[in-house]
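The values are calculated or read from the model by the stated rules, or taken from the named source; none is laboratory data. A quick note: this is a predicted structure, and the numbers were derived from the prediction, not measured. Glycine gets a Cβ as well: all are built from the backbone with ideal geometry, and neighbour counts include every protein chain shown.
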Amino acid sequence: MKREVVIPSSPKRIISLVPSLTELLYDLGLDVEVVGITKFCIKPDKWFRSKNRIGGTKNVNFEKINALNPDLIIGNKEENSKSDIETLEKQYNVWMSDINTYQEALIAIQTIANICNVSKKGKELITTIEQRKRQYTNQLERTHKPSVLYFIWKSPYMVVGKNTYIDDIISLLGFENCYKENRYKELSKEDITKLNPNYIFLSSEPFPFKAKHQAEIQALFPETQVKLVDGEQFSWYGSRLLTAFEQPF
């Protein structure tokens, strides 16, 4: 956002507007410091049930935020609305992330750990993530990457393209995203047939694909292996990276 955020001391009253970064803050041991989260910050369950909720990721409740008087708000370019952030930054320190790759996720983890004065925990977390990534990569036996289309919506069908965090995770897990355009795109049945992916991954979020959708889509594309996958494994870029490098199905 072309601005500098100056935080005079270790923040004592943090609000997170990003579900995956809320989970990161928990794993960094910041139980006391985090005073507010969104209604979509469902992990950990302990915080979801006990922390103050300040609305959604794209429609925050300014009155609730003001009542909590935060000294740091953590947001994300894709998760939060620009108008909300621009309003909040007039009154509060708002640190923003823009994460489109695995490496950017690691940088964000360490930066947040540094800001919150838990640098050592951040380094330890990243070390463990890197170890698990190496272990997964070393056990891959394939000589080529199977092609995949990653579905995030059903009506219409919407898939993930390049320049996204999900695309980078797809590649690191040993698959090739066969949709080559940037960001997200609506595709027709004919478009999908032409791309002819080896796999279709049906994500659990934002659209909650279930077994009935899997069967329906499998019938439409009988030559493709249609799999249900955990969307958090592919799209949560905080400490959820601890479980990102596992076979997705």
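Only strands (runs of 3 or more DSSP E) whose full extent lies in region 30-143 are considered here, and none of them has at least 3 residues that are among the small types (Gly, Ala, Ser) and outside the structural domain of residue 239 (by TED's automatic domain parsing). Any residue in region 126-136 that is of a type outside the set (Val, Ile, Thr) and within 20 Å of residue 205 (Cβ to Cβ)? No: zero hits. Take the residues in region 20-78 that are without any contact (Cβ under 8 Å) to a residue 60 or more places away in the chain and small (Gly, Ala, Ser); name whichever of them is farthest from residue 231 (Cα to Cα). Among them, the one singled out is 67.
Suppose we keep only residues that are surrounded by fewer than 16 Cβ atoms within 10 Å (Cβ to Cβ) and either outside the structural domain of residue 201 (by TED's automatic domain parsing) or touching a strand residue (DSSP E or B) at 6+ places or on another chain (Cβ under 8 Å) (or both) within region 154-170. Which one would you say is farthest from residue 211 (Cα to Cα)?
Narrowing region 154-170 to residues surrounded by fewer than 16 Cβ atoms within 10 Å (Cβ to Cβ): 154-156, 162-163.
From what's left, either outside the structural domain of residue 201 (by TED's automatic domain parsing) or touching a strand residue (DSSP E or B) at 6+ places or on another chain (Cβ under 8 Å) (or both): 156, 162-163.
Values: 156: 18, 162: 27, 163: 29 Å.
So the residue we want is 163.
Could you list, in sequence order, the residues of region 187-206 that are of a type outside the set (S, T, N, Q) and over 13 Å from residue 160 (Cα atoms)?
Applying the first criterion (of a type outside the set (S, T, N, Q)) to region 187-206 yields 187, 189-192, 194-195, 197, 199-202, 205-206.
Listed by number, the residues that qualify are 189, 190, 191, 194, 195, 197, 199.
For the structure I just gave you, tell me whether residue 200 is in a strand (DSSP E or B) and closer than 19 Å to residue 145 by Cα. Criteria met by residue 200. The residue that is nearest to the chain's Cα centre (by Cα), among those in region 11-29 that are crowded, with 24+ Cβ neighbours inside 10 Å and in a helix (DSSP H, G or I), is 20.
Of the residues making up region 159-171, those that are touching a Phe, Trp or Tyr at 6+ places or on another chain (Cβ under 7 Å) and in contact (Cβ under 8 Å) with a residue 40 or more places away in the chain are 165, 166, 168, 169, 170.
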